[in-house]
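K.L.:
Attaching a single structure in structure tokens format; questions to follow.
The values are calculated or read from the model by the stated rules, or taken from the named source; none is laboratory data. For clarity, every value in this text was computed on a predicted model and none was experimentally measured. In this analysis, Cβ positions are derived from the backbone assuming ideal geometry, glycine residues included, and neighbour counts consider all displayed protein chains. For the accessible areas, the whole protein counts, side chains as well, though only heavy atoms, and no ligand, DNA or RNA atoms are used. Shrake-Rupley method; radii C 1.70, N 1.55, O 1.52, S 1.80 Å.
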Amino acid sequence: MDLATKCRLKRERLFEVSLLKKLHSKFYHEHFMKYPVLHINFSKCKGETFGDFIINLCGAIAAVAQQWLDNYHEDK
């Protein structure tokens, strides 16, 4: 099974019992997986200053981007 199919199935499982899917099925199907979503663990974004927070936030975003790249290259 290719990466895109795995990702789609995983996301579909997240919404199996969603009220949005049940009550607004047409809207759900029109918008499902159309927009990029970042999952960031903010527990790693702490800092003593605002600058520290921003640096750690950028690092967390970079880590997610690296995971996407790694998955992309594994699928090729």
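K.L.:
Taking one equal scatterer on every alpha-carbon of the chain, how large is log10 of I(q)/I(0) by Debye at q = 0.19 1/Å?
P.N.:
The Cα Debye sum returns log10 ratios of -0.92.
K.L.:
What accessible area per residue, rounded to a whole number of Å², is obtained for the chain using a probe radius of 1.4 Å?
P.N.:
Per-residue value: 88 Å².
K.L.:
How big is the dipole moment of the chain about its Cα centre under a simple scheme where the beta carbon of each Lys and Arg is +1, that of each Asp and Glu is -1, and everything else is neutral? Debye, nearest 20, please.
P.N.:
It comes to approximately 420 debye.
K.L.:
Would you mind getting me the FRET efficiency between Gln66 and Ser43? Use the beta-carbon distance for r and R0 = 25 Å, nearest 0.05.
P.N.:
Efficiency for this residue pair is about 0.85.
K.L.:
Further question: Give me the percent of accessible area attributable to carbon and sulfur for the chain, probe 1.4 angstrom.
P.N.:
61
K.L.:
When the chain is fully extended, how far beyond the present Cα-Cα distance does His24 get from Leu3, taking 0.36 nm per residue of separation?
P.N.:
Answer, rounded to one decimal: 4.8 nm.
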